[in-house]
Amino acid sequence: MDQAEPEPEVHPSPGLETLLDELPTRDRLRIVDLGPALGDNLDFFSSRFSCRVQVADLYRSVQAEERHLSKERIADLLPLPDPPDLILAWDLPSYLPREALKALLAHLSAGSAAGTRLFTMVASHSQMPNEPTTFVLREPAALEYRLRSRARRPAPRLPPAELAALAPRFKVDRSFLLRHGYQEYVMIRQE
């Protein structure tokens, strides 16, 4: 089996489009990106908004710990000194064990204010990439998917109701089932 890094694919992102349309442009935005630091993504946001982006490559940060995360350990890895306006969780829910995901969402909820938007994606097919995908923001409201290899593994089933139950202070505002194996969620932190 060929394990070479596949060519990136670009797909429309209706969830990203929704977020971009709804983000305020008048204030300095605080964005938390739970993926790897990418100059393209920083350029994307800084060309549209006055913003500060905090990057925390959470999946790779916790690989050495075998992704057994407590709320306290997440707080150490992801300090949130100011409530963010936008959190990009990408496809982390498909890769973290349920207890770690619950701890992460509790930490994000505690560090957020009413109105904080959370963008996340969940694998919707039976198989998913072996490791989280690197997502690069592209014009117009599209994502470039960069896979590290062609290796696949079974995707955990995370239905919308379970995701909502794991993040009780975030309400699913919109969700989009995409043909290429993901469901995008735009969630908003409630009071």
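The values are calculated or read from the model by the stated rules, or taken from the named source; none is laboratory data. In this text, all values refer to a predicted model and were calculated from it rather than measured experimentally. Ligands, DNA and RNA are stripped out before the accessible areas are found, and what is left, the full protein with its side chains, is counted by its heavy atoms. Shrake-Rupley method; radii C 1.70, N 1.55, O 1.52, S 1.80 Å.
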For this session: Those residues that are at pLDDT 95 or above and of a type in the set (S, T, N, Q), I need them from the stretch 14-49; list them, please.
Result: Asn41
Exercise. From the set of residues in the stretch 172-191 that are part of a strand (DSSP E or B), modelled with pLDDT under 95 and of a type in the set (D, E, K, R), which is least open to solvent (accessible area, probe 1.4 Å)?
Worked result: Asp173
Seminar exercise, completed: Of all strands (runs of 3 or more DSSP E) fully inside the stretch 13-113, the set with 3 or more residues that are open to solvent by less than 20 Å² (accessible area, probe 1.4 Å) and hydrophobic (A, V, I, L, M, F, W, C) is 29-33, 86-90
Exercise. Picking from Asp40, Asp33, which residue would you name as being of a type outside the set (A, V, I, L, M, F, W, C) and under 19 Å from Asp82 (Cα atoms)?
Worked result: Asp33
